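Participant: Attaching a single structure in structure tokens format; questions to follow.
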Amino acid sequence: MKLAKRVTVIEPSATLALMAKAKALKNEGKKVLEFQVGEPDFDTPDHVKQEGIKAIEENFTHYTPNAGTLEIKKAVIEKLKRDNNLTYELNEVMVSNGGKHCLFNATMALVDTGDEVIIPAPYWVTYPECVKIADGVPVFIETTSENDFKITPEQLEKAITDKTKVLILCSPSNPTGSVYTKEELEALAEVVVKHQIIVFADEMYEKLVYDDLEFVSFASLGEEVKKLTLTFNGVSKAYAMTGWRIGYVAGDKEIIKAMDSLQSHATSCPNSIAQKASVAALLGSQEPLEEMRKEFDERRKLMVGALNDIPGISCRIPKGAFYAFPDISGFIGKTYKGEKINSDSDFARLLLENYYVVAVPGSSFGAPGFLRFSYATSREIIQEGMELLKKFVSEIE
Ligand SMILES: Cc1ncc(COP(=O)(O)O)c(C=O)c1O
């Protein structure tokens, strides 16, 4: 069987083998502590669920317009105005089956063979693969923990060529939890405007920022910036609605029209019931969201404190999302029970095999020498997991 080239260029997720191993251990009855999770462990708020139930009972169970109902588009417009001070028209927003689907549509609509897409590393695993599917070329900008994993305008300037089409900016970031300040974004925006490149501003974790940090939407930096920006967001992370699959994007109407056309042939519309529930999430009480954020904040402090208590591990304080991204590079080249640890993947595998603790190797995100621990899990599990990690590390020679 000869598969299409576009699927052969996609790298299988490096974490798949790890997940399979974790699953096998669970099936054996082992207590596996899972820190690989990329979704809130809270329930979808009740008033949101009720809207979903109502939608079914009222037979709102048919196709909707491709780019989403008028009602949800209006809700997205209202949300962007309310939270981000952004003004969009109906033909400048679109709703898809999750933020990932929005990103996929946008990449397909904009990236041609050989077009370069700048991706700061560490990155969310989907970005480079999505670009490769479109036959584009991912161009990485390396960042360091000393710089809080953020790119500088100088780095951006250097990475831009005459083939550059898009810059992907993820703030708050998965996997690092970094959040760009307004000043940092402004400095990047200057470069973006000068070179007229398009920015995919992935703001999926917007609602999860800590320490009174102000979240700033990239498109809000001015009319010129807004014209060049596609803002991606969704209900998954903010409202614990990962399974409902609703994401949205706002930006230039010509791009939105192309994305709408693509979507119409790929998936038709987003799920009708989920659209109804998402309107309730976007426009209803935002209180549950603040409760979740506060709990994430407590867990963040607990986890980062525990990580920094472990000799040989250092973890900067993430300002957003729900991931800690500790540096474990000091253990590479050392030995665990006679086995050499050659990489972060070896570290993660040995930790899983010996203590049933799952973390994702940084190399999956383009950051070898790090691990990603999600704190979208209970405080008890965090405490237990960090103790086991400490024990594991104490046995490394
Ligand atoms: C950075 C980032 N962007 C976008 C998404 C997409 O989320 P969804 O497709 O559930 O809306 C995710 C999910 O993990 C993410 O981590």
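Participant: Test of understanding: what is the full-extension gain from Met19 to Asp43, defined as 0.36 nm times their sequence separation minus their Cα-Cα distance?
Facilitator: Result for the pair: 6.3 nm of gain on full extension.
Participant: With everything on Cα atoms, drop me the angle between helix 182-195 and the longest principal axis of the chain, reported from 0 to 90° to the nearest 10.
Facilitator: In the chain, helix 182-195 runs at an angle near 60 degrees to the longest axis.
Participant: Any chance you could run the full-extension gain for Lys182 through Ser264? It's 0.36 nm times the residue separation minus the Cα-Cα distance, nm to one decimal.
Facilitator: So the extension gain works out to 25.9 nm.
Participant: With a 10 Å radius around each residue's Cβ, average the other Cβ atoms per peptide and rank 171-177, 134-140, highest first.
Facilitator: 171-177, 134-140
Participant: Please list, or write none, the lysines whose alpha carbon is within less than 30 Å of the alpha carbon of Lys5, excluding same-chain residues fewer than 8 places away.
Facilitator: Within the straight-line limit of under 30 Å, Lys5 reaches these lysines: Lys21, Lys100, Lys132, Lys163, Lys165, Lys257.
Participant: Over region 285-391, what is the mean sequence separation of C-alpha contacts under 8 Å (at least six apart), divided by residue count, expressed as relative contact order in percent?
Facilitator: After rounding, I find 26 percent.
Participant: To continue, here is another question. Whole Å is fine, so just give me how far the alpha carbon centre of region 9-52 lies from that of region 313-372.
Facilitator: 18 Å
Participant: Another one. Within straight cross-link reach of Lys334, meaning Cα distance under 15 Å, which aspartates and glutamates are found once same-chain residues fewer than 8 apart are removed?
Facilitator: Asp344, Asp346, Glu395, Glu397
Participant: Round to the nearest 10 and give me the degree value, 0 to 90, for the angle of helix 99-110's Cα axis relative to the longest principal axis of the chain.
Facilitator: 60 degrees
Participant: Continuing with the same structure: To check you understand DSSP bridge types, tell me what percent of the beta bridges within the chain (both residues inside) are antiparallel, rounded to 5.
Facilitator: 45 percent
Participant: Between the alpha-carbon centers of region 72-147 and region 180-231, tell me the distance in whole angstrom.
Facilitator: If we compute the Cα centre of each part, the gap is 12 Å.
Participant: Which loop trypsin sites (Lys or Arg not before Pro) in region 246-347, with loop taken from DSSP, have no more than 10 other Cβ atoms within 10 angstrom of their Cβ?
Facilitator: Answer by residue number: Lys337.
Participant: Show me 145-156, 16-27, 342-353 ranked by packing, highest mean number of other Cβ atoms within 10 Å first.
Facilitator: Ranked by mean Cβ neighbours within 10 Å, highest first: 342-353, 145-156, 16-27.
Participant: Per-residue counts of other Cβ atoms within 10 Å, averaged by peptide: what ranking do you get for 190-198, 52-60, 242-250, highest first?
Facilitator: In decreasing order of mean packing, 190-198, 52-60, 242-250 become 242-250, 190-198, 52-60.
Participant: Could you give the nm distance between label points at Lys31 and Asn91, where each point is 7 Å from its Cα heading toward the beta carbon?
Facilitator: Inter-label distance under the simple model: 6.0 nm.
Participant: Mind pulling the angle between the C-alpha long axis of helix 344-355 and the longest principal axis of the chain? Nearest 10 degrees, somewhere in 0 to 90.
Facilitator: 70 degrees
Participant: A follow-up question, please. How far, in nm, would the chain grow between Lys337 and Val7 when pulled straight, counting 0.36 nm per residue and subtracting the alpha carbon separation?
Facilitator: Separation in residues times 0.36 nm, less the Cα-Cα distance, equals 114.9 nm.
Participant: Extending each Cα 7 Å along its Cβ direction at Leu388 and Glu224, get the distance between those two points in nm, one decimal.
Facilitator: Once both label points are built, they end up 5.3 nm from each other.
Computed from the coordinates by the stated procedures, all read-outs in this text should not be read as laboratory data. These numbers come from a predicted model, not from an experiment. With ideal geometry, Cβ positions are generated from the backbone for all residues, glycine too; neighbour counts draw on all protein chains shown.
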